[in-house]
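Report on one structure; see the data block that follows.
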Amino acid sequence: MKTAVVTGGASGIGLGIAQRLRGDGFHVAVLDLNPDEDDDLAYRADVTRPDEIAAALNAVRAKLGPVTVLVNAAGLEGFKRFQSIAFADWQRVLDVNLNGTFHCIQAVLPDMLDAGWGRIVNISSSSAHSGQPFMSHYVAAKSAINGLTKALALELGPSGITVNAVPPGFIDTPMLRKSEQARLLGGSVEDHIKRTPVRRIGTPQDIAATCAFLISEEAGYITGQIIGVNGGRNT
Ligand code: NAD
């Protein structure tokens, strides 16, 4: 049985991915700032802290063996006019989204290189494709994740490791509902559904299904790709 780590797996998209991969027969450990206390495979780790990631991964390896699947779903959004973004805000959003992805890949990679097989899926954002006002730090971080994905795919392909990104668009999660409540979405969820070609909001399960495919053996010829899951909002 393969062991997967899902960061941000305590909520929303990451939770949906962890549940799906468990259903598909993976051992799945979750690394999250706020892990579910009832889940004995959920570990508290801040992805901006290499020491916390290393401690959590040591515990995961001791229990479940080497980690050959990594899904980076931990994320933090931000909404501010560009002129109001303090450098500390900018740094925090880049730190969680981009540097967190860097730290987790670096920490897990030795297991994949030893195994001669690995799957990395980075959850970026459709806003990296479309742009998004008042989210310049977030869009910059998510765009960088797409770039990192492409570069790493070339570097790690010869070692049997694929690296892909899934940029979600408009997925029903606590993050999105919080933005709606704070009137930061530019309209209600219902308004957005009317503008979405498939006329519904996305679900964590939509993202999980795409991740499950990219992680599967039969997706071994797919690497360096940015696979949008957004109901046709970005093409
Ligand atoms: P969410 O807020 O429901 O879940 C995010 C999870 O990440 C939480 O469990 C949180 O505790 C964890 N997390 C945050 N900072 C962390 C840190 N420093 N270390 C460890 N864990 C941390 O959000 P979601 O909507 O499920 O988002 C998941 C991913 O999808 C994020 O990367 C987000 O940017 C991306 N995304 C979501 C949407 C959407 O429509 N919901 C759209 C585009 C991109």
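Computed from the coordinates by the stated procedures, all read-outs in this text should not be read as laboratory data. None of these values were measured; they are calculated from a predicted model. Here the Cβ is made from the backbone with ideal geometry for all residues, glycine too, and neighbour counts use every protein chain on show.
When the test is whether a residue is surrounded by fewer than 20 Cβ atoms within 10 Å (Cβ to Cβ) and within 16 Å of the chain's Cα centre (by Cα), residue 70 does not pass it. Total residues in the range 100-117 satisfying the condition of being under 14 Å from residue 5 (Cα atoms) and hydrophobic (A, V, I, L, M, F, W, C): the figure is 6.
Whether any residue in the range 171-185 is of a type in the set (A, V, I, L, M, F, W, C), outside any helix (DSSP H, G or I) and closer than 15 Å to residue 16 by Cα is what I want to check. Yes, there is a match, as at least one residue in the range 171-185 is of a type in the set (A, V, I, L, M, F, W, C), outside any helix (DSSP H, G or I) and closer than 15 Å to residue 16 by Cα.
The rows are residues; the columns are (1) surrounded by fewer than 19 Cβ atoms within 10 Å (Cβ to Cβ); (2) under 20 Å from residue 122 (Cα atoms); (3) within 14 Å of the ligand (Cβ to nearest atom).
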| position | (1), (2), (3) |
| --- | --- |
| 2 | no, yes, no |
| 12 | no, yes, yes |
| 21 | no, yes, no |
| 27 | yes, yes, no |
| 39 | yes, no, yes |
| 45 | no, yes, yes |
| 48 | no, yes, yes |
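For the range 55-106, residues that are out of contact with any strand residue (DSSP E or B) (no Cβ under 9 Å at 6 or more places or on another chain), under 18 Å from residue 8 (Cβ atoms) and aliphatic (A, V, I, L, M) total 5.
Sub-7 Å Cβ pairs linking a first residue in the range 123-138 that is at positive phi to a second residue that is surrounded by fewer than 22 Cβ atoms within 10 Å (Cβ to Cβ) and part of a loop (DSSP other than H, G, I, E, B), at least 6 apart or interchain, are 134/79; 134/80; 134/81, ordered by first then second residue. Taken over the range 111-129, residues that are part of a helix (DSSP H, G or I) and within 11 Å of the ligand (Cβ to nearest atom) amount to 3. The lone criterion from (1) over 18 Å from residue 73 (Cβ atoms); (2) touching a residue at least 24 places away in the same chain (Cβ under 8 Å); (3) assigned to a helix (DSSP H, G or I) left unmet by residue 152 is number (1). Checking each residue of the range 185-198 against the condition of being without any contact (Cβ under 8 Å) to a residue 24 or more places away in the chain, more than 24 Å from residue 143 (Cα to Cα) and acidic (Asp, Glu) gives at least one match.
Reported count of residues in the range 194-235, each being closer than 23 Å to residue 158 by Cα and assigned to a strand (DSSP E or B), is 1. Is there a residue in the range 79-89 that is crowded, with 19+ Cβ neighbours inside 10 Å, within 15 Å of the ligand (Cβ to nearest atom) and not basic (Lys, Arg)? For the range 79-89, residues crowded, with 19+ Cβ neighbours inside 10 Å, within 15 Å of the ligand (Cβ to nearest atom) and not basic (Lys, Arg): absent. Selection over the range 157-170 of residues that are under 19 Å from residue 16 (Cβ atoms) and in a strand (DSSP E or B) gives a count of 4.
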